[in-house]
Amino acid sequence: MRTTLRRAALLPSALLLAALVVPGTAQADTSTDTGTASLGSPAAAAATWAGAQLTDGNYRGDHGLNADIVMGLVSTGTNGTIAGQATDWLEANAGSYVHRGGAERLNAGGTAKLALVAAVQDRDPSDFGGLDLTGLLLGQLQESGRFSDKAPSDLSNQFTQSLAVLAFNEIGEVPDNAVDFLASTQCPNGGFPLSLARNPDRCNPDPDSTGMAVQAMIAVGRGADAAKSLDWLAGAQQSGGGFSYNGSASVGANSNSTALAVQALAAGGREKEAQLGIDYLRSLQVGCDAEPGHRGAVGYDEASVDGMTLRATAQVIPALAGKALFELDGKSVSPEPYAIDCTPGGGDNGGSTGGGSDTGGDSGSGGGDNGGSTGGDSTGGDDANGGGDTTGGDTTGGDSTGGDDSTGGDGDATTGGDDSTGGDGDATTGGTDATGGGNGGLGGTSGLTGGTGDLGNDPAPNGGGLANTGTSALSLLAAAVGLLIAGALAYVVTMRRRRTTV
């Protein structure tokens with residue numbers, strides 16, 4: 001984009017160049033960006049887009065996806081009203097999620113996820129929708145420390161265990177044996193597998209499961225145990241900054257797996273790798289060159305809006321916001337959504353509605369990550385069989401990496417949605433950058449778009465955008481600059497009309 005504007009600056013007349021070279025006169029930087037940089041805060045913009053997809057506090061009755069969206073909105077410090085409505089819906093419909101498949105069953109992954117959301121939103125997990133989520137989870141805690149499903153087939157997995165540990169950490173008391181069990185599932189190379197079988201000879205780690213487990217371990221003060229896992233994640237990162245669902249370099253990267261890995265890396269202080277991951281995530285975000293209704297969305301493996309986009313966006317938000325799941329707090333969230341302002345020089349889109357940084361989480365670890373087509377929410381197995389949407393969450397699947405149960409469920413599992421073959425799509429994370437507001441995490445205040453965005457380290461002079469970055473000059477210079485800007489804008493408008501909207 002800078003190249004485009006440099007060319008545009010030449011359009012009015014090369015003869016004006018002499019007028020611009022005035023000793024002692026600083027020139028304003030006329031470079032702009034109509035892509036993600038112009039969104040101001042990529043995380044908050046993603047939250048605004050995701051929140052706008054909900055109707056009456058929910059999206060297609062998808063419990064897991066709703067939970068991910070709530071955590072995503074909270075991570076940005078914005079959209080408090082919508083997050084509250086979505087939490088109300090989850091509370092009113094908690095029973096169908098916890099006891100999916102029948103009253104005699106209990107989906108441990110879904111129960112843990114609801115308990116985490118309730119705690120983050122300052123609700124009472126012991127009385128959420130008439131259910132004692134805390135008591136139900138403790139009732140499924142085995143002597144080994146594993147949280148198991150109450151169902152004919154136990155499909156609990158790494159997401160179930162990690163979510164339960166994170167939920168109890170938020171509530172205040174984490175069972176020691178639950179943490180010990182989680183740590184015992186670590187593979188010799190440092191990564192964590194989806195399966196809880198604890199078989200060192202058949203331990204297959206992946207970024208999704210590892211990202212979740214590392215967040216849980218760091219949350220409860222076991223960061224030293226997670227150090228080797230962070231090394232494994234760094235080694236699994238692809239050259240472009242992304243992660244694949246199984247950590248293989250031969251498989252294309254996706255936003256869901258990358259988000260979870262980024263959350264873990266950021267929480268563990270691996271800023272370089274976390275930033276590379278954020279850069280990859282931003283490359284998948286739909287920017288200001290798209291139609292207004294799509295701006296801010298983050299695609300699964302390209303900057304586009306399709307059936308997988310909402311689930312991908314929900315899980316990416318906390319990563320962009322630089323928030324791990326244990327850092328979310330819904331008590332100090334602005335009720336209003338972040339205003340996406342793509343006007344050239346329009347500042348930081350309202351700037352002051354949130355806090356937060358820019359590095360966050362990702363989809364779960366189930367099968368859904370393979371294009372999102374086979375699983376519900378990525379974060380862990382909700383239930384054994386059954387599920388939200390017909391074949392797994394949204395159009396093509398639940399959350400990109402699996403459902404609440406290993407093969408189904410709300411996305412907590414390996415390959416399914418809320419239940420064995422599809423599901424609501426439980427993405428474990430979500431969250432995004434604040435909506436402006438100061439030096440957020442890896443982002444900070446933006447001098448490029450004016451106001452406080454995610455792109456730079458210093459606010460723009462005079463509180464404005466590009467128009468306020470220069471100094472006063474002689475009238476001749478002002479006229480020359482005016483002609484140059486006019487030419488540049490004309491060129492940019494022409495180029496925009498030629499682009500294909502995402």
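The values are calculated or read from the model by the stated rules, or taken from the named source; none is laboratory data. Remember, predicted model here, so these are calculated numbers, not experimental data. No Cβ is skipped: glycine too gets one built from the backbone with ideal geometry, and neighbour counts run over all protein chains shown. Just so you know, the surface numbers come from the protein's heavy atoms only, side chains and all, with ligands and any DNA or RNA stripped out. Shrake-Rupley method; radii C 1.70, N 1.55, O 1.52, S 1.80 Å.
Counting the residues of segment 44-64 that are under 19 Å from Q285 (Cβ atoms) and in a helix (DSSP H, G or I) gives 9. Sort out which residues of segment 55-81 are more than 19 Å from G110 (Cβ to Cβ) and either of a type in the set (G, A, S) or surrounded by fewer than 24 Cβ atoms within 10 Å (Cβ to Cβ) (or both), and write them in order of number. Those that are more than 19 Å from G110 (Cβ to Cβ) and either of a type in the set (G, A, S) or surrounded by fewer than 24 Cβ atoms within 10 Å (Cβ to Cβ) (or both): T55, D56, S75, G77, G80, T81.
Examine segment 197-206 for a residue that is touching a residue at least 24 places away in the same chain (Cβ under 8 Å) and open to solvent by less than 10 Å² (accessible area, probe 1.4 Å), and state whether such a residue exists. Within segment 197-206 (the criterion being touching a residue at least 24 places away in the same chain (Cβ under 8 Å) and open to solvent by less than 10 Å² (accessible area, probe 1.4 Å)), the answer is no, since none of the residues qualifies. Looking at this structure, is G211 in contact with a strand residue (DSSP E or B) (Cβ under 6 Å, 6 or more places away or on another chain), under 24 Å from D154 (Cβ atoms) and either assigned to a helix (DSSP H, G or I) or at pLDDT 95 or above (or both)? So G211 fails the test. Figure legend. Inter-residue proximity from segment 216-243: first residues part of a helix (DSSP H, G or I), second residues basic (K, R), beta-carbon distance below 6 Å, spacing 6+ or different chains. Indicated pairs: L230/R270. The residue that is least open to solvent (accessible area, probe 1.4 Å), among those in segment 306-340 that are of a type in the set (S, T, Y) and over 12 Å from the mean Cα position of the chain (by Cα), is Y338.
The set of residues in segment 83-113 being surrounded by 24 or more Cβ atoms within 10 Å (Cβ to Cβ) and assigned to a helix (DSSP H, G or I) consists of A83, A86, T87, L90, Y97, V98, A108, G109, G110, T111, A112, K113. The numbered conditions (1) in a loop (DSSP other than H, G, I, E, B); (2) at pLDDT below 95; (3) open to solvent by 50 Å² or more (accessible area, probe 1.4 Å) are all true for A290 except (3). Annotation note: Cβ proximity below 6 Å between a residue of segment 276-290 that is in contact (Cβ under 8 Å) with a residue 12 or more places away in the chain and of a type in the set (G, A, S) and a residue that is open to solvent by 10 Å² or more (accessible area, probe 1.4 Å) and not in a loop (DSSP other than H, G, I, E, B) (sequence gap 6+ or interchain) occurs for G287/T36. Just one of (1) open to solvent by 10 Å² or more (accessible area, probe 1.4 Å); (2) assigned to a loop (DSSP other than H, G, I, E, B); (3) at pLDDT 95 or above trips up G296, so point out which. The single condition G296 does not satisfy is (1). Does Q238 fit the bill of being modelled with pLDDT of 95 or more, open to solvent by 10 Å² or more (accessible area, probe 1.4 Å) and within 19 Å of A321 (Cα to Cα)? It is false that Q238 is modelled with pLDDT of 95 or more, open to solvent by 10 Å² or more (accessible area, probe 1.4 Å) and within 19 Å of A321 (Cα to Cα). Taken over segment 155-171, the criterion of being within 17 Å of L136 (Cβ to Cβ) and not in a helix (DSSP H, G or I) is satisfied by L155, S156. Is it the case that V174 is under 30 Å from D88 (Cα atoms) and not in a helix (DSSP H, G or I)? So V174 passes the test. Filtered by the rule that a residue be without any contact (Cβ under 8 Å) to a residue 24 or more places away in the chain and out of contact with any strand residue (DSSP E or B) (no Cβ under 7 Å at 6 or more places or on another chain), segment 87-124 gives G102, A103, D124.
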